[in-house]
Structures are given as C-alpha cells and as structure tokens.
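Worksheet: one structure, shown below.
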Amino acid sequence: MELLLLLNTKREYSLKTAILGLFSFITVLLLSIVGVQLMLIDKNLSLENIDAKIKSIASNLHSTINSSEEMHFNTIKVLNNLEIEDKLRLFANVLESQKNLYAIYIGYENSGFYELINLDIDSSLRTNYKADQKDRWLLIQIDGNNLSKKSLFLYDEKLNLTKHYIEDNSYISTSRPWYKDAVSSNSAIKTPPYKFSHIDAFGISYAIKQNGSKDVICIDVLLEDYQNTYKEHIDRSSMEVFIFQGDGTVISTLSSNNNLLKEFLKQNNDILKFNKTQIIKIKNKEYITQVVKLNRSNRNEYIALFADYDKTIEPYNQQTFNLLAIFLLTSLLMIPIILYFSGVIVRPIKELAKDSINIQNRDYDSIKEVKSNIKEVSLLSESFINMSKSISDYQNFLEEKVKERTQELSLKNKELYRLSITDKLTNIYNREKLDSVLKDEMNKALRYNSVFSVILIDIDFFKKVNDTYGHQVGDDVLKETASLLLNNIRNTDVVGRWGGEEFLVICPNTDIKGAQNLAWKLNNIINKYSFTTYPPQLTISAGVASYIDGIGKFDEIISNADKALYQAKDEGRNKVVSYEV
C-alpha cells in the first residue's frame, strides 16, 4: 500500500534542477552528435564546404578579371570615340582615374608616336628618364618625318612643363605587335603578355584602330593588376592560381613554378570537365581543382585553381576537434552559473527576448523597460530601448540617403547616355545612335513589311568654307545646319551627323516620295538661310533611298542613298536625287 502511494505521488523539481538536467541531457546529446559527425561524416562535410569555397573563389576571380578586362576595353573604345583636342590633359585625367593603367599612347600610320606615362607606376621610370620626385608625367613624342629622334617632356602634377630634352630613337611604333593587330582588326584587340620597352615588367596592351585611319590608340596594363586580384581572393599558403591559354601558355600567376599546371594539362586532355570541383592526384599529392573558362570573345583562356588537399582540409578537422573540446569545457563551466542565475534571470530574459524579436520585426514602439533587480539586466533593457531608437532613426536616415543617391545616380546615368549618343560639335545624334535607329527600323521593315526612307545630306563646297573663312566658321556652319535640320523635320523623324559635313535623316513609315519632298523642303530652307558668320549663300545636295523587298541590311539602303547623293553632286549640286531601282 505504501509502495503504491509512493508511485502515485507526483514528483516535482526545482527550476535549477530542471535546468541542470535539461542542460546535461542536451550536452550529452550534442557531444554524441558531434562525435558521430567527427568519426563518420566530417570528411564529406568538409569537402562540401571546401567545394563551395573553391567555387566561390573561382567565381569571384572570374567575375573580377572579366570586369577588369571589360573596363579596359570600354576605356579604349571611349577614347577612340572622343574628339581629342587636348590629348595631354585627357590622357592624364584617364591615367589619374584608373590607377592600374601604365600608359596611353597613339601610334600613327607614318610611324609617328605620342605616349603619356604615369611615372608613379614604377620606381625605375624616374631614374631612366632623368625625372625628379616632383615630376609626375612623361610625354614621349616621335615625329613621323624624323624617326631618328624622340622628344621627351616631363610635367609635374598640374601638367606644368619641368624639363624637355631630345634623344636618339630606335622605337618604330608600326612594327609593334599591338599596332599590327589593331590595324588588321575591325574591333578593339588585346595583346598576349609581353615585356614593356620602358621598364623591366610584363603587361598587356588594349588597342583599337581610330575611325577612318590607320592610327592606333592604345593603353597598357601591368600584369600586376591581375596579381593584385589573386591576392584579394586566395590563400597563397595552400592555393595556386593560373590564368592560361588553351595551348598551355601561362598569362599570369603568383607561382614561381609552372610545373603544377604543366603536369595537370599533361594528365588531363579534357579540362572542361573540371568546371566542377574535383579531387585529383598530381605526383602523389592530392589537390582540390577547378577550371573556369573566361567569357571573352575569340579568346581561349581559363582560370585554374589548385588547393592543397591536406592543407585545405586540415583546418576543418582541427576546427571540429577544437569545437568539441571547447563545447565540453564550456558546458562544465556553465553548470554552476546556470544553477545560480536560473531562478533570477528567467523572467527578465524572456522579456528581453521579446524585445529582441520586436527589434527584429522593426516594432520599435513595443519595446518596454524590463524591471529587474539585476543591474546588468536593467542596463541591457535600457540599451535595447536606446538601440531600437537609434536603429529606427538610422534606418530612416539611410532610406532617405538611398533615395537621394538613387535619384542622383539616375540623373547622372541619363546624362551619360545622352552624351554617348550625341555629336559633340552639333549637339544632335551621333553615328552610333543613327546606327541603332537604322537597325531598329530595318528589323521593323523585315518583320512587318513596313517601309522607311533615309536622306543623306552633304553641304556643297564645304571645304571652301574652311579654306576661306577658317575652321571656326566651318564649325558654326555645321552647328547651324544641324539646328535647321533638327527644327524642320517631323516629330517621328531622326536626324544626326553622319560624319564630316554629312548629315542623315531617318524617316520611319515614309516612302521615297515623302522623303524626297522633305529633302527638297530642307534644301530650300538651307538656301534661304543667312548664316551668322558665313556671308555667302549655302546649298546642300541630298540622296534619298528607301527600304524595298530584297534588302537585308540597312547598309544597302545607306549605300543607295550615297549613290544618289553622288549623282546629285555630278549633276551640279544643290539638288535632291532619289535612288531608283
């Protein structure tokens, strides 16, 4: 009877006992789980973590290198599209804004040469070119008519000339690989790494043939630019990284020995299968390896990343043992602390937890003071209140700043876009924008069988304007002609400067008759207009052409308009001729 009463008696535990029992159970459970993990699945988990890390590093390297190369190509294309009047100041501004650039230069068709070098890029430059510490820029000029000499100019930070001298010259720009590659290409090119002539360093050149000539503009980038990228992403004590071409030629690496890559390529013909991380053995040593192809047109280049397997996985194994030991020691030390504070801080901790959730949910008005006899709990509660107010105020401030910066960025982007499609002299559309509109109209015509026309306009005897009155008057005539054309076309028409004294009007949904009428209208307006700085009467000739069945590219329509324009000139100018099939 007494035994039954004992069994039916409800057992009660103190909070301290319950917490200690729960804590002991959780400790034993966690130690068992961690122990099993260490013995059975630690290696697999470590490899998964390493695989994710390798992929992340490779992805970051790939993205950073491609972004860097895209920036260099964009720089050379922008320089090529600019009308360069003050080359010295423009080149200095570009070198100043892009610290990784070594030099900007132009190689002329007659072997003339113009180069601006940033003296801060290499310590040996000042010694080689008799420069002082105050000198910042070195300008090298070679006259195409006197290739035996070169002129050297030193400038300070503010482009004030500090020294000028002349030396014998053996450098022929037209024989350099960057010049030959650029002249033979219709787009911007990038050279393989080569040794620079000015300093004991290797680099890469980005070059492009200037429009309408065989002059080439070029920028130089030191290979150190790539190496700095590696240092930001990899652990050099356990990893090796190579950028190489499909034939095995190493473009850049931090390693002093390329044998690792050579052995890898020798063992593996299909390197594309390594776009996923794999463990391989090279000369009895295991490596975690991944190969990523760089996304560059017409180039067969790769990033190869090799991580020493033993060194890479060692921290994960050691970390697991350390965590287990720390966890066990901490658990033992926490027992008396938990027993002491369990009955004192459970309630305020719950309230503080609610406050933390309110902060997480941004419900700052619900944060209330937690009353407690423990000073630290009261301070923590006060901190929660102050923190919630601070976060709320700062969050509102950041949201306002983001809004302001977004608006500023939007305005700047719009202005940059406007400048990129606007002719600098006449302030109407440039050739790039006209090509875009022509492409759109051609696509519409091919898809919907619609029609559009173009008017190619040339100012008659414009050379005489420049020869007789000077280029400033010629510029005034171009600007006023552009304004007349812009103000007298229809809202749907597009006008831009085609090049030199030629203008192009694109007339959507307009047949050849309608375009011809508009061309005569513009001809009459120009005839009657009195130019501000050019006293004589000015005339224009125009060639008109339209889209017809069978035409597949807008270049054919432009060619037809050009033929009609030449016919107008042959027939005495000051007239409009339409291209007839």
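The values are calculated or read from the model by the stated rules, or taken from the named source; none is laboratory data. Model, not experiment: these values are computed from the prediction. Neighbour counts run over all protein chains shown; Cβ positions are idealised from the backbone, glycine included.
If you filter the stretch 523-567 down to residues that are touching a residue at least 24 places away in the same chain (Cβ under 8 Å), assigned to a helix (DSSP H, G or I) and under 22 Å from Gly474 (Cα atoms), you find that the one that is nearest to the chain's Cα centre (by Cα) is Leu565.
Across the stretch 139-162, the qualifying residues are those that are more than 33 Å from the chain's Cα centre (by Cα), surrounded by fewer than 16 Cβ atoms within 10 Å (Cβ to Cβ) and of a type outside the set (Lys, Arg), and the one among them that is farthest from Tyr108 (Cα to Cα) is Thr162.
When you check Phe531 against the structure, is it within 21 Å of Tyr429 (Cα to Cα) and crowded, with 17+ Cβ neighbours inside 10 Å, yes or no? Criteria not met by Phe531. If a residue must be among the aromatic types (Phe, Trp, Tyr) and either surrounded by 19 or more Cβ atoms within 10 Å (Cβ to Cβ) or at pLDDT 75 or above (or both), how many such residues does the stretch 305-322 contain? Total meeting the criteria: 2. Of the residues making up the stretch 163-217, those that are surrounded by fewer than 13 Cβ atoms within 10 Å (Cβ to Cβ) and assigned to a strand (DSSP E or B) are His164, Tyr165, Ile166, Glu167, Asp168, Lys195. Can you confirm whether Val495 is at pLDDT 95 or above, surrounded by 17 or more Cβ atoms within 10 Å (Cβ to Cβ) and within 17 Å of Ile558 (Cβ to Cβ)? Yes; evaluated as a whole, the condition is true for this residue. When the helices (runs of 4 or more DSSP H) confined to the stretch 405-514 are screened for residues that are under 25 Å from Leu82 (Cβ atoms) and among the basic types (Lys, Arg), those reaching at least 2 such residues are found at 431-448.
The residues of the stretch 550-575 that are on the phi > 0 side of the Ramachandran plot and either buried (at least 19 other Cβ atoms within 10 Å of the Cβ) or not polar (S, T, N, Q) (or both), listed by number, are Gly550, Gly572, Arg573.
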